[in-house]
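The values are calculated or read from the model by the stated rules, or taken from the named source; none is laboratory data. Keep in mind that this is a model prediction, so the values were computed, not measured. Here Cβ is always computed from backbone atoms with ideal geometry, including for glycine, and neighbour counts include all displayed protein chains. We work out accessible area using only protein heavy atoms, side chains counted, and drop any ligands, DNA or RNA first. Shrake-Rupley method; radii C 1.70, N 1.55, O 1.52, S 1.80 Å.
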Amino acid sequence: MQVLSVTPEIFPLIKTGGLADVTGALPIALAAKGVTMRTLIPGFPQVMDAFKKKKAVYQYPLLQGGKASVHAVKIAGLDLFVLDAPHLYDRPGGPYGNAAGADWPDNWRRFAALSQVGGDIAGGAISGYQPDLVHAHDWQSAMTLAYMRYGKAVGVPSLLTVHNLAFQGQFGAGIFGELGLPAVAMALDGVEYYGGVGFLKAGLQAAWAITTVSPTYAQEIRLPEFGMGLDGLINMRSSDLYGIVNGIDTDIWNPETDKHLVSAFSAQTLKARARNRAVVEDRFNLEQDDSPIVCVISRLTWQKGMDILAAVVDGVVATGARLAILGSGDAGLEGALLAAAARHRGRIGVVVGYDEGLSHVMQGGCDAIIIPSRFEPCGLTQLYGLRYGCVPVVARTGGLADTIIDANEAAVSAGVATGFQFAPNNGGAMLYAIRRLVDAHASPAVWEQIQRQGMKADVSWDKSADKYVELYRLLLSKRVA
Ligand code: ADP
């Protein structure tokens, strides 16, 4: 089976979030299952610099305002089609904006171009390559499915994965004339969205099937509270909507070999975590005692529920737990958490910033990780927590609800609990969960059982890749001969 994946990001070449981890891991996991995935990505500087021999397999004299070409290359074990279009992608800064973080004003052009090329390849533009199916990701490549639908590839099955419905690629109606789509596409069941053009909306409409990155999020986005204005459309498409949870890279996140840890460990040597814990105490200026350290490794934003945590930190300290917080984001939240650390010296420590190495040490040394997200399409940090014996305490939403088994009486006595869940997502419910955690931590037999059970959970890509293959097969069976 030949699958064309179209994405703005792919690990290890270009990454701003979990989307890159998925698009980077999936081709490798699928290869073992007889699926060949080639990936079309924009020729951002980081990507163009990663290969030398440049031989175009397709040329555009004019693509959204300039010359462009497609190069077939293999980088880091990934089969890629790189769209070289310097007028669109050869810029400093990030993939979506300048160094100051402001979005590029022509993002619609940049990602319409990517999608148009995806549609062309699906329609057989590259000689010797015809994908059986096209898999697009998020708004930046969602228009591929519209170009297929209104172009030559209407008979090629397609899948759209939504990694976060909050990002929709919504633009004014004025751009429509430059997209190269037929007039009929500017319709309620086409690319039109609240009077303008909606890239994600167009993909949701055109895709043969839609997935989100967890089953619970797939259900939640059918509700107005989570649907971000698209719940009506998503309900209409509900018979083609699936949820497949993400896996993690179990080589990079392996507590037995992780070079970031001072002390590697396994489920049989949990006591070795103590040395990592000491590093966390030192780095976050925490008092040394036997109370649990609950950590946060997160963007400090409203989505992540950091304001809910900030409002009850005094209550958290009163439970006896300590807090180690690593994150950056909203300046107001950073300030509130730093003020809490100043109020509770030795009990709360805050490091503002992004620190990959420290995040590993925290997972390998803290007792628990709290993730109070308001919505969470999948979430990765709870999966790392499971693998590292850092017990997740999570809001019962999205992928957090799907991956953690709450340590209620029945689950503890059956030996299946892997963490703590709370709902509704408010300060009271959060504090109650932390109190339950502090109680469980006080009894080592119970605590270690929860840690070991979490470490046994299968968080690899293997099962999820099987689910994608199953869905691809289902879509292929719907082709009209
Ligand atoms: P999202 O993609 O919504 O931010 P995820 O849980 O899916 O949330 O992924 C977040 C990723 O970013 C995880 O790999 C997490 O460890 C990492 N991360 C977030 N904040 C930090 C930070 N301040 N320092 C180091 N790693 C971080």
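Consider Ala407 carefully, then state whether it is more than 24 Å from the chain's Cα centre (by Cα) and surrounded by 24 or more Cβ atoms within 10 Å (Cβ to Cβ). Spell out how you get there, then give the answer.
On the way: more than 24 Å from the chain's Cα centre (by Cα): yes; surrounded by 24 or more Cβ atoms within 10 Å (Cβ to Cβ): yes.
In short, yes.
Restricting the first residue to the range 380-394 and requiring it to be without any contact (Cβ under 8 Å) to a residue 40 or more places away in the chain, which pairs with a second residue that is part of a helix (DSSP H, G or I) and buried (at least 24 other Cβ atoms within 10 Å of the Cβ) meet a Cβ separation below 8 Å and a spacing of at least six or different chains?
Every condition considered, the pairs that remain are Gln382/Gly399; Gln382/Leu400; Gln382/Thr403; Val394/Gln382; Val394/Leu400.
Where the second residue is within 11 Å of the ligand (Cβ to nearest atom) and of a type in the set (Phe, Trp, Tyr) and the first is free of Cβ contacts under 8 Å to residues at least 60 places away in the same chain and lies in the range 285-314, which pairs have Cβ atoms under 7 Å and are six or more apart or on separate chains?
So the pair list comes out empty.
Taking the options Val351, Val391, Val416, name whichever one is in the same structural domain as Cys295 (by TED's automatic domain parsing), in contact with a Phe, Trp or Tyr (Cβ under 8 Å, 6 or more places away or on another chain) and more than 12 Å from the ligand (Cβ to nearest atom). Walk me through how you get there before you give the answer.
Numbers: Val351 fails: more than 12 Å from the ligand (Cβ to nearest atom); Val416 fails: in contact with a Phe, Trp or Tyr (Cβ under 8 Å, 6 or more places away or on another chain).
Going through Val351, Val391, Val416 in turn, just one is in the same structural domain as Cys295 (by TED's automatic domain parsing), in contact with a Phe, Trp or Tyr (Cβ under 8 Å, 6 or more places away or on another chain) and more than 12 Å from the ligand (Cβ to nearest atom): Val391.
Given the options Leu323, Leu400, name the one that is within 16 Å of the ligand (Cβ to nearest atom), at negative phi, in a helix (DSSP H, G or I) and out of contact with any Leu (no Cβ under 7 Å at 6 or more places or on another chain). Show your work before the answer.
Details: Leu323 fails: in a helix (DSSP H, G or I).
Answer to the check: Leu400.
So for the range 84-100 (the condition being of a type in the set (A, V, I, L, M, F, W, C), under 26 Å from Tyr468 (Cα atoms), surrounded by 14 or more Cβ atoms within 10 Å (Cβ to Cβ) and at pLDDT 95 or above), does at least one residue qualify? Outline the logic, then answer.
First, the residues of the range 84-100 that are of a type in the set (A, V, I, L, M, F, W, C): 85, 88, 99-100.
Checking which are under 26 Å from Tyr468 (Cα atoms) leaves us with none.
The answer is no; no qualifying residue exists.
Would you call Val316 within 15 Å of the ligand (Cβ to nearest atom) and crowded, with 16+ Cβ neighbours inside 10 Å?
Working: within 15 Å of the ligand (Cβ to nearest atom): no; crowded, with 16+ Cβ neighbours inside 10 Å: yes.
When the stated conditions are applied, Val316 does not pass them.
So, of the residues in the range 10-24 that are surrounded by fewer than 21 Cβ atoms within 10 Å (Cβ to Cβ) and among the small types (Gly, Ala, Ser), which turns out to be farthest from Val213 (Cα to Cα)?
Gly17
Does Val361 satisfy the condition of being closer than 27 Å to Ala331 by Cβ, open to solvent by 20 Å² or more (accessible area, probe 1.4 Å) and not in a loop (DSSP other than H, G, I, E, B)?
On the way: closer than 27 Å to Ala331 by Cβ: yes; open to solvent by 20 Å² or more (accessible area, probe 1.4 Å): no; not in a loop (DSSP other than H, G, I, E, B): yes.
For Val361, the condition - closer than 27 Å to Ala331 by Cβ, open to solvent by 20 Å² or more (accessible area, probe 1.4 Å) and not in a loop (DSSP other than H, G, I, E, B) - is not met.
Given the conditions (1) farther than 26 Å from Gly124 by Cβ; (2) more than 16 Å from the ligand (Cβ to nearest atom); (3) of a type in the set (S, T, N, Q), and given that Gln59 satisfies all but one, which numbered condition is not satisfied?
Against the list (1) farther than 26 Å from Gly124 by Cβ; (2) more than 16 Å from the ligand (Cβ to nearest atom); (3) of a type in the set (S, T, N, Q), Gln59 comes up short only on (1).
When you check Leu241 against the structure, is it closer than 26 Å to Leu62 by Cβ, open to solvent by 10 Å² or more (accessible area, probe 1.4 Å) and either in contact (Cβ under 8 Å) with a residue 24 or more places away in the chain or more than 16 Å from the ligand (Cβ to nearest atom) (or both), yes or no? Quick ask: steps written out before the conclusion?
Details: closer than 26 Å to Leu62 by Cβ: no; open to solvent by 10 Å² or more (accessible area, probe 1.4 Å): yes; either in contact (Cβ under 8 Å) with a residue 24 or more places away in the chain or more than 16 Å from the ligand (Cβ to nearest atom) (or both): yes.
Spelling it out, it is not the case that Leu241 is closer than 26 Å to Leu62 by Cβ, open to solvent by 10 Å² or more (accessible area, probe 1.4 Å) and either in contact (Cβ under 8 Å) with a residue 24 or more places away in the chain or more than 16 Å from the ligand (Cβ to nearest atom) (or both).
Under the condition of being in a helix (DSSP H, G or I) and among the small types (Gly, Ala, Ser), which residue from the range 270-312 is most open to solvent (accessible area, probe 1.4 Å)?
We begin by selecting, within the range 270-312, every residue in a helix (DSSP H, G or I); these are 270-283, 306-311.
Retained after the next criterion (residues that are among the small types (Gly, Ala, Ser)): 272, 274, 278, 310-311.
Numbers: Ala272: 30, Ala274: 58, Ala278: 46, Ala310: 23, Ala311: 86 Å².
Checked the range 270-312; the qualifying residue most open to solvent (accessible area, probe 1.4 Å) is Ala311.
Within the range 136-193, which residues are more than 17 Å from Trp208 (Cβ to Cβ), open to solvent by 30 Å² or more (accessible area, probe 1.4 Å) and touching a residue at least 60 places away in the same chain (Cβ under 8 Å)?
Residues satisfying the conditions are Ala166, Phe171, Glu178, Gly180.
With the checklist (1) surrounded by 21 or more Cβ atoms within 10 Å (Cβ to Cβ); (2) closer than 30 Å to Ile325 by Cβ in hand, flag the one item Ser263 doesn't pass.
Here Ser263 clears every test but (1).
Determine which single condition Gln116 fails, assuming it passes every other condition in (1) in contact (Cβ under 8 Å) with a residue 40 or more places away in the chain; (2) open to solvent by 20 Å² or more (accessible area, probe 1.4 Å); (3) not in a helix (DSSP H, G or I).
Gln116 satisfies every listed condition except (3).
Run Asn164 past the list (1) within 23 Å of Pro105 (Cα to Cα); (2) modelled with pLDDT of 95 or more; (3) of a type in the set (S, T, N, Q) and report the number of the one that doesn't hold.
In the conditions (1) within 23 Å of Pro105 (Cα to Cα); (2) modelled with pLDDT of 95 or more; (3) of a type in the set (S, T, N, Q), Asn164 misses (2) alone.
Of all residues in the range 247-260, how many are touching a residue at least 40 places away in the same chain (Cβ under 8 Å) and open to solvent by 20 Å² or more (accessible area, probe 1.4 Å)?
Start the filter on the range 247-260 by keeping residues that are touching a residue at least 40 places away in the same chain (Cβ under 8 Å), which leaves 247-250, 253-255, 258, 260.
Remaining after also requiring open to solvent by 20 Å² or more (accessible area, probe 1.4 Å): 249-250, 254, 260.
The qualifying residues number 4.
For the range 1-104, which helices (runs of 4 or more DSSP H) that fit wholly inside it have 1 or more residues that are within 21 Å of the chain's Cα centre (by Cα) and of a type in the set (Ser, Thr, Tyr)? Spell out how you get there, then give the answer.
Details: elements: 18-31, 45-48, 86-89.
So the answer is 18-31.
Being touching a strand residue (DSSP E or B) at 6+ places or on another chain (Cβ under 8 Å) and on the phi < 0 side of the Ramachandran plot is the filter here, so list the residues in the range 328-343 that pass it. Let's see the steps before the verdict.
To start, the set of residues in the range 328-343 that are touching a strand residue (DSSP E or B) at 6+ places or on another chain (Cβ under 8 Å) comprises 328-330, 333-334, 337-338, 340-341.
Ser328, Asp330, Leu333, Glu334, Leu337, Leu338, Ala340, Ala341, listed by residue number.
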